[in-house]
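Novice: Please see the structure below; I have some questions.
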Amino acid sequence: MKKRLLGLTLACTMTAMSLAGCGGSSSGTDATTAAADGGTTAAQTTAAAAAGTGETAAPAGEGDTVLKWAVWDISSTVYYQPLIDAFEAANPGVKIEMVDLGSADYQTVLATELTGSGSDFDIATIKDVPGYTTLVNKGVLEALDDYIAKDSVDLSQYGGITDQVTVDGKLYELPFRSDFWVLFYNKKVFDNANVAYPTNDMTFEQYDALARSVTNTTPGQEVYGAHYHTWRSAVQLFGILDGKNSIVDGNYEFLKPYYEMILAQQEDGVCQDYATLKTSSLHYSGAFAQGNVAMMNMGSWFIPTLIEKIKTGEYGEEVADWGLVKYPHAEGVEPGSTLATITCLSIPTSAPHKDLAWEFVKFVCGPDGAEVVAKTGTIPAITTDAVVEAISGMEGFPEDEASAEALKTANTYLEMPVHAKSSEIETILNEGHDNIMTEGSTIDEGIAEMTDGVQAILAQ
Amino acid sequence: MAFGKMANQKNVDPEVVKEKLAKLEPQLSALQEELKNTSDKKKRDRLIGKIETVQGKIKQAKTGERFSRQAKRDLVAYSFIAPNFIGFCVFTLVPIIFAFILAFAEWDGNNAIKFVALRNFMEAFKNDRFIASLKNTIIYCIATVPLTLICSLGLAIILNQKVKGRNFFRTVSFFPYVASLVAVAAVWNMLFSPQKSGPVNMILYNLGMAAKSLPKWSADKDWVMFTVVLFSVWKNMGYYMVIYLAGLQGINAELYEACSLDGANTWQKFLYITWPQLQPTTFFVTIMLTINCFKVYDIVYMLAGGSNGVLNKSAIVLVYHIYEEAFRNWNLGYASAVAMVLFLMVLAVTLIQFRGEKKYAN
């Protein structure tokens, strides 16, 4: 009897111990511990990054207020330090300290940091809309409306993008950076094939024909007319550019022609096989840098990277001559309609210095900040002609007129609109995309999967 | 010394001592009486224990010490386990209990916890991704456990013979287990590249398989679990081989000798000597493997996660589902409920195994 009891207890303990990892990790206590942990590592990263880049900022003196700013990729992001320098120069007595939370799972780490008590971030960078929605739902972000009203910030300068991230009449973030999708192309590939470069006004049919005309499927000397990164947004979001369809309304029939076009391209070797790209986790920059990709649709965030890597010689001759044009468009849609991704700043409800944090947010997201951001080759949320000029005038930016023209957008649609269920919807759309692209499902089956799945979520 | 003695003693009030003794002494004699009349060993042991406690109390009352000798011993013992136990409480026990409670609540980590009774569990069984992850986890276990057992046992038996370069081959077999998962998963995905030109697919193609029907391995929703199982077996068999090797070397060589004299062939030797003698090892390996299989996450994530680290229904496993619900969707209550389901499954499997092979458990 006693032994049996012992055995049972032992079994219980064994299983409990074995599950401690996962059972515990789903509990809040652990989340807080993780947050505390994250804090230290993040602080260490900052220290390391600061040491690495030989940070010029003077250490915070006595009596200075230090604002903590949550960011990612300090070492490879060019505009953080200029922004901080400009702000600190205008606001003596305030120092900004960056904390790098890493880029891969930035939003998850940030959400964990802001969960529970003990967070002392004054400013949080918001990387994407699902992450923003999560934080708003958790109630950890400060509504900015009162501040905006108090300082009469003009929201119209953001071109309507702030309306798209307003939740229940309240705005919790201000954009300082706005990236949109363009079509990158490699001039050398077109020259070799004796084909004219893409233009700023192409329908999808023209785009498809152009991609096919430069494709070479001879083994050993493959040239791909197009390249689609494995993100669902690289394919699915062609469908929302006509402004008639939404990615969150639970009806995906409109995606069919685009999937048909891209699967046919994949079949004919016009673009690389999705399954291979997925299993090899090939980065889009690596794919483009190989010099055998004619056109690639990607966000404007790739511009500074490309310029930089060509300058440092990491990317060779084969991609040195590149250009960009506006996204292809459906028949009857204004050219320049494209997808946008915004990067924003928010103030956590737990921020120790909210008023000063607002000053920083106002500066970075305002016209002065926009100028600083544009000087680094990054596209700020406020795009004036001066900004476009600053970027297209940068060293390393393609010199043809079409490329400068490509920076002017007509209608921009958020990659993922604000929606309470956006992260669940995202999962389903990803899965549908994956199944269609790996040819695990037919297009119709995949679309039905997405429709049913999203509608089930919307019905909850 | 004198100071220590004083600190440990209080003023002995004879009246109080008398009162205490009047209570304790009858207890003692009653217990002693009972002990005389009991023959059952277990009961006697228990009575003796009680008598010792009462004797200790009497002594304490007489001397007026603050702590009895037994209490002091206990305190010392507790202080020895305290460092570990406090850590265990803070980092393991409390989170586990908290997760148990959360399983019946709704919580996003910030807003107030709301109790919802069994709704999390009901929701789980209505959730496609949960059902898929449950199915995949069970398939993974059922396929991986026996395959790993067979492979590691086979390897162990071969490498227990006197073959040339035995140590070299032992090291080679153990290597996948110590190699970094991230690195070997990348290599594996290259070998099992979904293209026709992938090394494995090339072999299949040359064996006459049609190019269209070549599997896409970890990118193929029908083949992904197979690829994962294959990978896990390959990665983990070295570790279990070492355990089996130890088991094999523990078998008395005389048994084989006797068997040979009786004219047994190799297969009979395996069946009547090796296998039964290895039962305790097999039992241990099976339990460890099953538990580890239920906990699988990293392998699936590395092989099938792609560039955004999201697992599809064709590859999702329970632990990943817990992670995505907890830290992507912030349904901490729901995630805890799924963790409970996982816990109960592992508990059930372990109990069945203990029951079935009780004789080896000790």
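Novice: Within segment B:334-356, is even one residue on the phi < 0 side of the Ramachandran plot and not in a helix (DSSP H, G or I)?
Specialist: no
Novice: From A:GLY239, A:GLY220, A:GLY243, which residue is over 30 Å from B:GLY305 (Cβ atoms) and free of Cβ contacts under 8 Å to residues at least 40 places away in the same chain?
Specialist: Matching residue, one of A:GLY239, A:GLY220, A:GLY243: A:GLY220.
Novice: Search segment A:269-293 for residues that are free of Cβ contacts under 8 Å to residues at least 12 places away in the same chain and within 13 Å of another protein chain (Cβ to nearest Cβ) and pair each with any residue that is surrounded by fewer than 21 Cβ atoms within 10 Å (Cβ to Cβ) and outside any helix (DSSP H, G or I) when their beta-carbon atoms are under 7 Å apart and the residues are at least 6 apart or on different chains.
Specialist: Here the result reads A:ASP273/B:GLN195; A:THR276/B:GLN195; A:SER281/B:SER307, each pair linking segment A:269-293 to a residue that is surrounded by fewer than 21 Cβ atoms within 10 Å (Cβ to Cβ) and outside any helix (DSSP H, G or I).
Novice: Can you tell me which residue among A:ASP368, A:ASP400 is touching a residue at least 12 places away in the same chain (Cβ under 8 Å), among the acidic types (Asp, Glu) and in contact with a Gly (Cβ under 9 Å, 6 or more places away or on another chain)?
Specialist: Result: A:ASP400 is the single residue among A:ASP368, A:ASP400 that is touching a residue at least 12 places away in the same chain (Cβ under 8 Å), among the acidic types (Asp, Glu) and in contact with a Gly (Cβ under 9 Å, 6 or more places away or on another chain).
Novice: Right, another one. Going by the conditions given, is A:ASP120 more than 14 Å from chain B (Cβ to nearest Cβ) and assigned to a helix (DSSP H, G or I)?
Specialist: Judged against the criteria, A:ASP120 is not a match.
Novice: On the basis of being β-branched (Val, Ile, Thr), under 30 Å from A:SER285 (Cβ atoms) and either more than 7 Å from chain A (Cβ to nearest Cβ) or in a helix (DSSP H, G or I) (or both), does B:VAL300 make the cut?
Specialist: Criteria met by B:VAL300.
Novice: Among what's in segment A:187-210 and is in contact with a Phe, Trp or Tyr (Cβ under 8 Å, 6 or more places away or on another chain) and either in a helix (DSSP H, G or I) or of a type in the set (Phe, Trp, Tyr) (or both), pick the residue that is surrounded by the fewest Cβ atoms within 10 Å (Cβ to Cβ).
Specialist: Checking each candidate, the answer is A:LYS187.
Novice: I need the full set of residues from segment A:163-175 which are out of contact with any strand residue (DSSP E or B) (no Cβ under 6 Å at 6 or more places or on another chain) and among the polar types (S, T, N, Q), in order please.
Specialist: A:THR166
Novice: Residues that are of a type in the set (Gly, Ala, Ser) and surrounded by 14 or more Cβ atoms within 10 Å (Cβ to Cβ): does segment B:25-34 have at least one?
Specialist: No, segment B:25-34 contains no residue that is of a type in the set (Gly, Ala, Ser) and surrounded by 14 or more Cβ atoms within 10 Å (Cβ to Cβ).
Novice: Also, quick follow-up: Can you work out which of the residues in segment B:215-251 that are closer than 16 Å to B:ASN136 by Cα and small (Gly, Ala, Ser) is farthest from the other protein chains (Cβ to nearest Cβ)?
Specialist: Checking each candidate, the answer is B:SER232.
Novice: Now for a separate question. Collect the residues in segment B:329-350 that are among the small types (Gly, Ala, Ser) and surrounded by fewer than 21 Cβ atoms within 10 Å (Cβ to Cβ), keeping them in residue-number order.
Specialist: B:ALA348
Novice: Something else: Just give me the residues in segment A:411-460 being touching a helix residue (DSSP H, G or I) at 6+ places or on another chain (Cβ under 9 Å), crowded, with 19+ Cβ neighbours inside 10 Å, touching a residue at least 24 places away in the same chain (Cβ under 8 Å) and among the polar types (S, T, N, Q), in sequence order.
Specialist: A:THR412, A:SER422, A:SER423, A:THR438
Novice: Restricting to segment A:445-455, and then to whatever is more than 24 Å from the chain's Cα centre (by Cα) and closer than 16 Å to A:VAL235 by Cβ, can you tell me which residue is farthest from the other protein chains (Cβ to nearest Cβ)?
Specialist: That would be A:ILE447.
Novice: Please return the ranges of helices (runs of 4 or more DSSP H) entirely within segment B:122-214 where 2 or more residues are within 13 Å of chain A (Cβ to nearest Cβ), surrounded by 17 or more Cβ atoms within 10 Å (Cβ to Cβ) and not β-branched (Val, Ile, Thr).
Specialist: Fully inside segment B:122-214 and qualifying: B:128-160, B:181-191.
Novice: From the list B:VAL76, B:VAL163, B:VAL116, B:VAL145, which one is modelled with pLDDT under 90 and of a type in the set (Val, Ile, Thr)?
Specialist: Matching residue, one of B:VAL76, B:VAL163, B:VAL116, B:VAL145: B:VAL163.
Novice: Same structure again: In segment B:29-44, which residues are assigned to a loop (DSSP other than H, G, I, E, B) and over 20 Å from B:GLN55 (Cα atoms)?
Specialist: Result: B:SER39, B:ASP40.
Novice: Ok, one more. Assess whether B:THR290 counts as being within 29 Å of B:LEU318 (Cα to Cα), in contact (Cβ under 8 Å) with a residue 60 or more places away in the chain and buried (at least 17 other Cβ atoms within 10 Å of the Cβ).
Specialist: yes
Novice: Answer yes or no: is there a residue in segment A:177-186 that is assigned to a helix (DSSP H, G or I), surrounded by 15 or more Cβ atoms within 10 Å (Cβ to Cβ), in contact (Cβ under 8 Å) with a residue 24 or more places away in the chain and in contact with a helix residue (DSSP H, G or I) (Cβ under 8 Å, 6 or more places away or on another chain).
Specialist: Looking through segment A:177-186, none of the residues is assigned to a helix (DSSP H, G or I), surrounded by 15 or more Cβ atoms within 10 Å (Cβ to Cβ), in contact (Cβ under 8 Å) with a residue 24 or more places away in the chain and in contact with a helix residue (DSSP H, G or I) (Cβ under 8 Å, 6 or more places away or on another chain).
Novice: Working carefully through the options A:TYR315, A:TYR259, find the one that is touching a helix residue (DSSP H, G or I) at 6+ places or on another chain (Cβ under 8 Å), under 29 Å from B:ALA185 (Cα atoms), more than 14 Å from every other protein chain (Cβ to nearest Cβ) and not aliphatic (A, V, I, L, M).
Specialist: A:TYR315
Novice: To continue, here is another question. Mind listing whichever residues of segment A:124-164 are more than 13 Å from chain B (Cβ to nearest Cβ), out of contact with any Pro (no Cβ under 8 Å at 6 or more places or on another chain) and among the β-branched types (Val, Ile, Thr)?
Specialist: A:THR125, A:ILE126, A:ILE148, A:VAL153
Novice: Moving on to the next point. Across segment B:72-93, what is the number of residues that are among the polar types (S, T, N, Q) and within 14 Å of chain A (Cβ to nearest Cβ)?
Specialist: Matching residues across segment B:72-93 total 2.
Novice: Of everything in segment A:404-430 that's charged (D, E, K, R), part of a helix (DSSP H, G or I) and under 19 Å from the mean Cα position of the chain (by Cα), which residue is nearest to the other protein chains (Cβ to nearest Cβ)?
Specialist: A:GLU424
Novice: Hey, another quick one. Give B:GLY49, B:GLY109 a once-over and let me know the one that is exposed (fewer than 13 other Cβ atoms within 10 Å of the Cβ) and not assigned by TED's automatic domain parsing to the domain that holds B:GLU324.
Specialist: Among B:GLY49, B:GLY109, only B:GLY49 is exposed (fewer than 13 other Cβ atoms within 10 Å of the Cβ) and not assigned by TED's automatic domain parsing to the domain that holds B:GLU324.
Novice: Residue pairs, Cβ under 6 Å, 6 or more apart or interchain, first in segment B:190-211 and over 15 Å from B:PHE231 (Cβ atoms) and not assigned by TED's automatic domain parsing to the domain that holds B:GLY306, second exposed (fewer than 11 other Cβ atoms within 10 Å of the Cβ) and among the small types (Gly, Ala, Ser). List them.
Specialist: B:LYS196/B:ALA211
Novice: Scan segment B:83-95 for residues that are surrounded by 12 or more Cβ atoms within 10 Å (Cβ to Cβ) and over 24 Å from B:ALA335 (Cα atoms) and report the count.
Specialist: 1
The values are calculated or read from the model by the stated rules, or taken from the named source; none is laboratory data. None of these values were measured; they are calculated from a predicted model. Ideal geometry is used to build each Cβ from the backbone, glycine not excepted, and the neighbour counts take in all protein chains shown.
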